[in-house]
Amino acid sequence: MNDIRRTADEDLRGSGLVAELTGVPVMQLEIRHALERDRILYNAIGFALGGAIAGFFFRRLSLMIVAAAPPLIAIVFALGALGWLGFRLNMFLNVMTPLIMVISFSDSMQLTFAARDQLMAGKDKRTAFRNAILIVGPACVLTHAAAGLSLLGLLTSSSDLIRGFGIAGFLATAIALITVLSLVPTFGVLLVRNEARLVATLRTADSGVAVLRRFCDWIARRMISRPTLFTLVDLVVVAGLALVYSGLEASYRLADQVPDREQAVAASGRLDAEISGSNPVQVLITFPPGLGLYSPQTLATIADVHRVLESQPGVGKVQGNRLKIRVTNGRRAESVVIL
């Protein structure tokens, strides 16, 4: 595509004209480049934010690595496994990796937090991380199981792309669960040194966790003070969102997936404004044997098709564009172009 742009610029140099590329091949290429760029960008941003949150709450490099490294490795393992199994990157898989990272970060943070509490209670590091797995591990399994089952529900879709996303998401969720449950205690045992000194440091620099505890305590007290009221409010909100969801209309356009800062969308927008779009209209008309392309009946039918298209609100400037009509009489096909 770059060669085409370069050639067009060279041919039009000095003419005052500007060349822009659009159409399905150009849009597909720009979507692919955007997916490759976004995969690295958003995963890097997510990992940086997760590491910053872990550093704020734990205040120790060793605990921050214990909480942040397993989700990153889980994403690498998941993407590697999907590539090994033959899955191809698309806009759905691009959205899935941040989702898996969020779930994995949540689990690794809870496991590390539980192990931290065990350390502060006087346990050694092996016992602390073992107890964290026993206490928090079942909740992590339930979290990933819920996500995995919801992704398996996509297998009922009639779209092969969505079914593939469901399978890939389920596999990535399972890989992330095994990775987090395996690596959090492993990194904890390897990286945590001198438990007594670590506990003494945490007791003097516990502001982040103290804020989190006070916030969670405030929420818990408000929820249990009026459980009936909050339950009714939740049900109303869920019912309202379900009503809004039921009114969503399914739609798909290739142009909606194209990065809006690239030239394909701009060029397509100018075509829409000037000549009501760039997509040709092709009509197939089948006649019984014996009628030629230029017989009166054939021409009359073509004229009727032309008039019908002119009256359609979704078709613009039919008389100003070429209308290609393919006519077949059962043995051979001919094409006629009407200006």
How many residues does segment 66-101 contain that are free of Cβ contacts under 8 Å to residues at least 60 places away in the same chain and either basic (Lys, Arg) or not in a helix (DSSP H, G or I) (or both)?
3
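Test Val209 against the stated conditions and say whether it is modelled with pLDDT under 75, surrounded by 12 or more Cβ atoms within 10 Å (Cβ to Cβ), more than 19 Å from Phe56 (Cα to Cα) and touching a helix residue (DSSP H, G or I) at 6+ places or on another chain (Cβ under 7 Å).
Values: modelled with pLDDT under 75: yes; surrounded by 12 or more Cβ atoms within 10 Å (Cβ to Cβ): yes; more than 19 Å from Phe56 (Cα to Cα): no; touching a helix residue (DSSP H, G or I) at 6+ places or on another chain (Cβ under 7 Å): yes.
Against the criterion (modelled with pLDDT under 75, surrounded by 12 or more Cβ atoms within 10 Å (Cβ to Cβ), more than 19 Å from Phe56 (Cα to Cα) and touching a helix residue (DSSP H, G or I) at 6+ places or on another chain (Cβ under 7 Å)), Val209 does not qualify.
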Residues being closer than 21 Å to Ile65 by Cβ, surrounded by 16 or more Cβ atoms within 10 Å (Cβ to Cβ) and of a type in the set (Val, Ile, Thr): count how many of those fall in segment 109-149.
3
Options Ala128, Ala74: the member that is assigned by TED's automatic domain parsing to the domain that holds Val184, of a type in the set (Gly, Ala, Ser) and closer than 23 Å to Arg213 by Cβ
Ala128
Among the residues of segment 48-65, write down those that are closer than 21 Å to Pro185 by Cβ and part of a helix (DSSP H, G or I).
Gly50, Gly51, Ile53, Ala54, Gly55, Phe57, Phe58, Leu61, Ser62, Leu63, Met64, Ile65
Residues of segment 150-180 that turn out to be surrounded by 13 or more Cβ atoms within 10 Å (Cβ to Cβ) and part of a loop (DSSP other than H, G, I, E, B), as a count:
1
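Please verify whether Phe105 is under 20 Å from Leu82 (Cβ atoms) and surrounded by 21 or more Cβ atoms within 10 Å (Cβ to Cβ), treating the condition exactly as stated. It would help to see each step written out before you state the result.
Numbers: under 20 Å from Leu82 (Cβ atoms): yes; surrounded by 21 or more Cβ atoms within 10 Å (Cβ to Cβ): yes.
Yes: the conditions hold for Phe105.
Please pick out the residue among Ala78, Ala44, Ala68 that is of a type outside the set (D, E, K, R), modelled with pLDDT of 75 or more and under 16 Å from Gly188 (Cβ atoms).
Details: Ala78 fails: under 16 Å from Gly188 (Cβ atoms); Ala44 fails: under 16 Å from Gly188 (Cβ atoms).
Criteria check complete, one pass: Ala68.
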Quickly run through segment 157-181 and pick out the residues that are of a type in the set (Val, Ile, Thr) and within 19 Å of the chain's Cα centre (by Cα).
Ile162, Ile167, Thr173, Ile175
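The values are calculated or read from the model by the stated rules, or taken from the named source; none is laboratory data. What you are looking at is a predicted structure, and each value in this text was computed from that prediction instead of being measured. Every residue, glycine among them, receives a Cβ derived from its backbone with ideal geometry; neighbour counts consider all protein chains shown.
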